[in-house]
Every structure is written in C-alpha cells, then in structure tokens.
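The values are calculated or read from the model by the stated rules, or taken from the named source; none is laboratory data. In this text the structure is predicted, and so the values were computed from the model without any measurement. As a convention, Cβ positions derive from the backbone with ideal geometry for all residues, glycine included, and neighbour counts pool all protein chains shown. Quick note on the areas: whole protein, heavy atoms, side chains included, nothing else; ligands and nucleic acids left out. Shrake-Rupley method; radii C 1.70, N 1.55, O 1.52, S 1.80 Å.
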Amino acid sequence: MAGDKNYLTTNEMCQYVEDHSCRFHPAQVKLIQATNQHAASRMMGDPSQHQLMQNMCRLIRAKKTLDIGVFTGCSALAIALALPSDGKLIACDVNDDFVSIGKPYWKEAGVDHKIDLRLAPATETLQKLIDEGQSGTFDFAFIDADKPGYDSYYELSLKLLRSGGIIVIDNVIWCGRILDSKIQDADTVAIRSLNDKIQKDDRVDAVMLTVGDGCTLVFKHHE
C-alpha cells in the first residue's frame with residue numbers, strides 16, 4: 001500500500017517504513033484498498049501519516065477533533081480509532097459521494113458514532129463552531145482539503161484549538177512544486193504562502209516532515 005510521495009526514499013524503502021510503522025485495523029486495510037481502486041486515489045493521504053496522526057492524538061489524549069477534507073474517510077477513520085469511546089470528530093467535506101465509500105468501514109470499525117459528518121463548506125462549519133462558543137475547545141485538527149482554502153482553515157482551526165493542541169497540514173511539499181518559482185497556480189501559491197506564514201507565526205511552534213507529500217505539525221502555544 002506504500003505510495004510514491006516520499007522524495008527521500010525509494011518505493012521499497014517507503015514500504016519498509018510503512019511495514020514497520022503501521023498497525024492497521026482490518027477496516028482501515030479494507031478502506032485503503034477500496035480507495036486505491038478509485039480514479040482519484042492519489043487524494044488519499046499517506047498511510048504512515050495516518051499512523052502518525054493517531055499517535056499524536058493518543059499522545060495528547062485528544063477527545064475533540066476536526067478533519068477538514070474527508071475524501072473517502074481514511075483520515076477520519078484513523079483519527080476516530082485513536083479517540084476514547086466518548087471522543088468526537090467533526091468531519092468537514094462537500095462531497096458525499098466520496099465520503100459514502102468510507103461510511104461502511106467507519107461502522108465496521110465501531111467508530112461511526114464518534115464521527116459527526118458536516119456536508120458544507122468547511123469555512124462555514126468552522127465559523128459556526130466559533131459562533132457557538134467552541135473556540136479553544138478542540139484538541140486536534142487535520143487539514144487536507146482545497147488548497148486555496150488552506151489559510152482560512154488554518155486560522156479558523158487555530159481559534160478552535162486549545163493551548164497545546166495540534167494541527168496537522170497535508171501536502172505541504174506538493175510534489176516539489178513549491179520549490180519552482182515559475183509555478184504560480186492557485187494551489188501551489190496557497191501552499192507556499194501558508195508554509196511561509198507558519199514559519200514566522202509566533203502563535204505556534206511547527207515542524208515540517210517529509211512523510212507522504214509533506215506534512216507540517218503545528219503546536220499551538222500555551223497561553
């Protein structure tokens with residue numbers, strides 16, 4: 001199941017790392033396989049990254065979480081499996097056709113009751129949570145959605161996150177396109193801009209990793 005997104009290793013090494021990092025629930029294996037059959041399968045995050053997110057959620061004992069950009073539900077399933085029985089994941093997407101692929105596997109894994117799917121633009125869902133007074137109450141957020149929206153998702157998630165909470169942002173290397181100044185499409189510009197912003201953001205500490213297509217771990221400062 002290893003992909004070809006890690007630029008520092010061969011596919012053989014990617015598979016070795018995955019084999020020695022990931023402990024998948026049977027439902028995760030089935031959902032990954034189902035997603036790999038989809039025409040848009042490259043939208044799925046790297047399995048090792050999902051394992052990393054699970055470990056981060058367990059480390060901070062996350063109970064209240066966000067998944068911004070669900071696709072077929074692999075990331076939502078990974079996060080939900082790491083939550084306690086009374087944990088909650090608000091999953092934001094606009095395409096129920098993709099999400100419907102994952103729903104049976106959420107149920108098979110026994111975590112469907114933890115996942116609150118919101119089919120609406122994520123900015124609307126996140127702003128509604130803020131308007132409801134939920135700022136500073138979330139433990140963890142994962143951002144892997146439309147790239148021009150990344151800055152808004154980051155800012156809204158940061159408001160919703162508690163001190164010490166974590167945001168994981170996917171696709172920050174963007175197949176290396178962020179390095180080529182001649183590439184100025186909206187997606188690449190948005191990712192490049194957010195990468196630069198986070199590096200200077202004194203509200204957080206952050207580290208960019210070369211897992212998958214690159215992911216940044218953002219840690220909100222204690223206030």
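Quick notes on this structure:
- Verdict on Asp180 being over 17 Å from Gly45 (Cα atoms) and open to solvent by 30 Å² or more (accessible area, probe 1.4 Å): yes
- Residues satisfying the stated conditions in segment 153-200, i.e. of a type in the set (Gly, Ala, Ser) and modelled with pLDDT of 95 or more: Ser157, Ser163, Gly164, Gly165, Ala186, Ala190, Ser193
- Residues that are buried (at least 24 other Cβ atoms within 10 Å of the Cβ) and part of a helix (DSSP H, G or I), drawn from segment 55-73: Cys57
- Ser181 being touching a strand residue (DSSP E or B) at 6+ places or on another chain (Cβ under 9 Å), free of Cβ contacts under 8 Å to residues at least 60 places away in the same chain and not in a helix (DSSP H, G or I): no
To keep it simple, each residue is scored yes or no on (1) of a type in the set (S, T, N, Q); (2) open to solvent by less than 30 Å² (accessible area, probe 1.4 Å).
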site	(1), (2)
Gln127	yes, no
Gln134	yes, no
Ile143	no, yes
Gly164	no, yes
Asp170	no, yes
Arg192	no, no
Met208	no, no
His222	no, no
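- Criterion (part of a helix (DSSP H, G or I), open to solvent by less than 10 Å² (accessible area, probe 1.4 Å) and at pLDDT below 95) met by exactly one of Gln15, Gln49: Gln49
- Contacts under 6 angstrom Cβ, first residue in segment 70-92 being closer than 16 Å to Phe138 by Cβ, partner among the aromatic types (Phe, Trp, Tyr) and assigned to a strand (DSSP E or B), 6 or more apart: Ser75/Phe142
- Hits in segment 184-223 - residues which are part of a loop (DSSP other than H, G, I, E, B) and in contact with a helix residue (DSSP H, G or I) (Cβ under 6 Å, 6 or more places away or on another chain): Val211, Gly212
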